[in-house]
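All of the numbers you see were taken from the coordinates with simple rules; none came from a lab. Please read all numbers here as calculations on a predicted model, not as lab measurements. With ideal geometry, Cβ positions are generated from the backbone for all residues, glycine too; neighbour counts draw on all protein chains shown.
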Amino acid sequence: MILIIAGLRHAGIIVLCSVSFLAGTYFHHQNSDPVHDSSTVSGVWRCRVETTTTAGAILSSDTLNTVWAGGRQLARSLSRGDSVIILGSVNEGFMDSYTFYPIPSTLLQNRLRKGISTTLSERIASRETSSLVSALLAGERGNLPQAVRGAFRDTGTSHLLALSGLHVGILSGIMLVIFRKLFGKGWLSILAVILTTFIYVFVSGARASTVRAGLMLLLVLAVWHSSGRRPDLLFVWSVAVIILTAVSAGDVLKDTGAQMSFGAVLSLIILGREFRCRAGWILSIAYAGLVVCTALAPLVSFRYGGLSPVAPVATVISFPFMLTTMITGSITLLGPLASTASVLSEWVVFIWLAVLKILGSGMIIFQKWMYWLWPLCLIALWLFSRRRGFMRRFR
């Protein structure tokens, strides 16, 4: 970490490779180790709801750690952030629920998130569309149908459903344009963007990935507006990681989502490249997808079961659909144009899912021999991203 703060990019590459390698190996051993304790324990537990799906919920408590509780009725009655009292039995991380009593969360952010999801489901007729918009705007993925999850999984675009720095960046970019039109280019516009962004981070659950993006945005806007120059992104990334690690007492480093978020941003900072041509934005997004997929290959493969070879292309194609869906979904929440915006959202999502189903492909499992090929791919990407400066040394 000290080397990264000092701006040594070569050290950053080593850190990125080591962290991704070790994290991937850790999950591999976690998934491959046999479970010896197969005893069933019955009782009454009070659990926290970590996340929900259409088929059940992931629960956690001080005594059970994390368990999966199946049941559509259970899933429909709970939301992320709620609590539940369950009478049931637990066996090897799975819970059979005999009866349960939901306890809705009283936290403001959870109530706002549930209110946004409820409003969207009432104003958008299509369940696929309302659940997808809710996932993009509020981070509520529990109501996503299996068909929608499968379309994103088979194309390697599931990361678009998890609120991250990309979503924060889209929101802040839109807000920056709007507030500059309203308040000009002074500090008032910058403060309004920062405030709006952190409200979004707060409502969406304040996950490590969005908090990291919010902190980086705060630092970048502050330095850029006060000095008029672009800050060093590697330094900004390091400061954000140090703050999150210190505040969470190191717990953030154990979260898989945080590991992927930190690693993805670091890989783009070190290995990223901007293309300046007519189709530059398309090439830049495609190359960014290739960099992230390559850098996080071991971790993604062992965590989610494989890699999709069409992920970079599918990400490029999905970006305008996601941007349009977030805009029309936000207008749906406002009220006056809700009916028109909801219809537009349905059409956009319908076309988006149809395209993803066409692009769907099989998964590539990260094999042992790929550990030798993976570092060479990272080196090749680094040379390509620094091609001009690297070739000058041989002239």
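Hey, got the dipole for the chain? About the Cα centre, +1 on K and R Cβ, -1 on D and E Cβ, debye to the nearest 20?
1680 debye
Tell me, in nm to one decimal, what length is gained between L323 and I282 on full extension, where the rule is 0.36 nm per residue of separation less the Cα-Cα distance?
13.3 nm
For the stretch 41-103, divide the Cα radius of gyration by the Kirkwood radius and give the resulting Rg/Rh value with two decimals.
0.90
What is the spin-label model distance, in nm, from T40 to R273 if the labels are put 7 Å beyond Cα along the C-beta direction?
Taking the simple label geometry, T40 and R273 are separated by 5.8 nm.
Would you please put 202-209, 182-189 in order of how densely packed they are, using the mean number of other Cβ atoms within 10 angstrom per residue and starting with the highest?
Top of the packing list down: 202-209, 182-189.
Figure the gain on full extension for E92 and V247 (residue separation times 0.36 nm, minus the Cα-Cα span) and round it to one decimal in nm.
This chain segment gains 52.6 nm when fully extended.
Please report, ordered by residue number, every helix of the chain (full DSSP H runs) that is 15 Å or longer along its axis going by C-alpha atoms and whose mean Kyte-Doolittle hydropathy reaches 0.5.
Those that clear 15 Å and a mean of 0.5 are 127-138, 165-183, 187-203, 208-227, 233-247, 256-271, 280-295, 311-334, 338-359, 370-385.
List E122, E128 from most exposed to least, where exposure is judged by having the fewest other Cβ atoms within 10 Å.
The fewest-first ordering by Cβ neighbours comes to E122, E128.
With each label point set 7 Å from Cα along the Cα-Cβ vector, what nm distance links D255 and R111?
For D255 paired with R111, the spin-label model returns 2.3 nm.
Nearest 0.05, what FRET efficiency do W347 and E122 give at R0 = 30 Å with Cβ-Cβ as r?
The calculated FRET efficiency here is 0.95.
R0 = 35 Å: FRET efficiency of I103 with L188, Cβ-based, nearest 0.05?
Given R0 = 35 Å and the Cβ-Cβ separation, E is 0.25.
Going 7 Å from the Cα of R180 along its beta-carbon direction, which residues of the stretch 217-250 have the amide nitrogen within less than 16 Å of the resulting point?
What the label zone holds, given the 16 Å backbone N cut-off, is 220-231.
Gain in length, I365 to T54, computed as 0.36 nm per residue apart minus the alpha-carbon separation, to one decimal in nm?
109.3 nm
With labels modelled as points extended 7 Å from the Cα through the Cβ direction, what inter-label distance (nm, one decimal) is found for D232 paired with F384?
For D232 paired with F384, the spin-label model returns 2.7 nm.
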